[in-house]
Amino acid sequence: VCSRTFSRGDVIWKCRTCAIGDDNTCVVCQECFQNGHHEGHDVSFYISRAVDGGCCDCGDESAWDRSGFCSKHGRIHTRGDTIASLPFPLPHTAPVLFGGILEELMLFTVHIKGHWGYERQRVQALEKHAPLLIEAVKWLTHKCCQFEGLALLAAQA
């Protein structure tokens, strides 16, 4: 899956022929569109105005018909291939990092919902570090959108 994150000024393509269902958010980046097969299709494009405005769906079978995949994202990747494509030591260290971020998020969420089953000192530490936790979750989401292998590792955490 491409998952390129769109930035302000990027050309974003819609192909109503290739998009799955009526989801208006199924789009591809300029590079994937140019290397795909859309001749004679119902296409349009727009220029992104957002700093962080979604990501390319090329290669995602739940969003895009396989016939419209570009040459780079058209091959079927297995879970093992995708994780193996990540540079060392990410396959070993990322699950620990993601697990820690997700555990802190879960503890913070439990605290917010009013469950006080944790030590008061731990709860105060969570409150103090909420902005950092929010940034960590944003980072995790952004990186997982960029690299499919990281998304698989985060899902395992």
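Which one is least open to solvent (accessible area, probe 1.4 Å) among residues in the stretch 88-104 that are farther than 14 Å from Ala155 by Cβ and β-branched (Val, Ile, Thr)?
Going through the qualifying residues, I end up with Thr93.
Hey, could you check the stretch 105-148 for residues that are at pLDDT 70 or above and of a type in the set (Gly, Ala, Ser) and say which is surrounded by the most Cβ atoms within 10 Å (Cβ to Cβ)?
If we take residues in the stretch 105-148 being at pLDDT 70 or above and of a type in the set (Gly, Ala, Ser), then Ala136 is surrounded by the most Cβ atoms within 10 Å (Cβ to Cβ).
Filter the stretch 12-31 for residues that are open to solvent by less than 40 Å² (accessible area, probe 1.4 Å) and either within 17 Å of the chain's Cα centre (by Cα) or more than 28 Å from Leu152 (Cα to Cα) (or both) and give the result.
The answer is Ile12, Cys26, Val27, Val28, Cys29.
Just to check your reading of the model, which residue among Ser3, Ser48, Ser44 is farther than 25 Å from Lys143 by Cβ, open to solvent by less than 50 Å² (accessible area, probe 1.4 Å) and in contact (Cβ under 8 Å) with a residue 24 or more places away in the chain?
Numbers: Ser3 fails: farther than 25 Å from Lys143 by Cβ; Ser48 fails: farther than 25 Å from Lys143 by Cβ.
After ruling out the rest, the residue left standing is Ser44.
Does the stretch 32-41 hold any residues that are part of a loop (DSSP other than H, G, I, E, B) and open to solvent by less than 80 Å² (accessible area, probe 1.4 Å), and which are they? Give the derivation first.
Going residue by residue through the stretch 32-41, those that are part of a loop (DSSP other than H, G, I, E, B) are 35-41.
Within the stretch 32-41, Asn35, Gly36, His38, His41 qualify.
For Ser7, all conditions in the list (1) in contact with a strand residue (DSSP E or B) (Cβ under 8 Å, 6 or more places away or on another chain); (2) assigned to a loop (DSSP other than H, G, I, E, B) hold save one; what is the number of the exception?
That leaves (1) as the condition not met.
The values are calculated or read from the model by the stated rules, or taken from the named source; none is laboratory data. Just so you know, these numbers come straight off a predicted model, no measurement behind them. Positions of Cβ are generated from backbone atoms using ideal geometry, with glycine treated the same way; all protein chains shown enter the neighbour counts. Heads up: the accessible areas ignore ligands, DNA and RNA and are worked out on the full protein's heavy atoms, side chains in. Shrake-Rupley method; radii C 1.70, N 1.55, O 1.52, S 1.80 Å.
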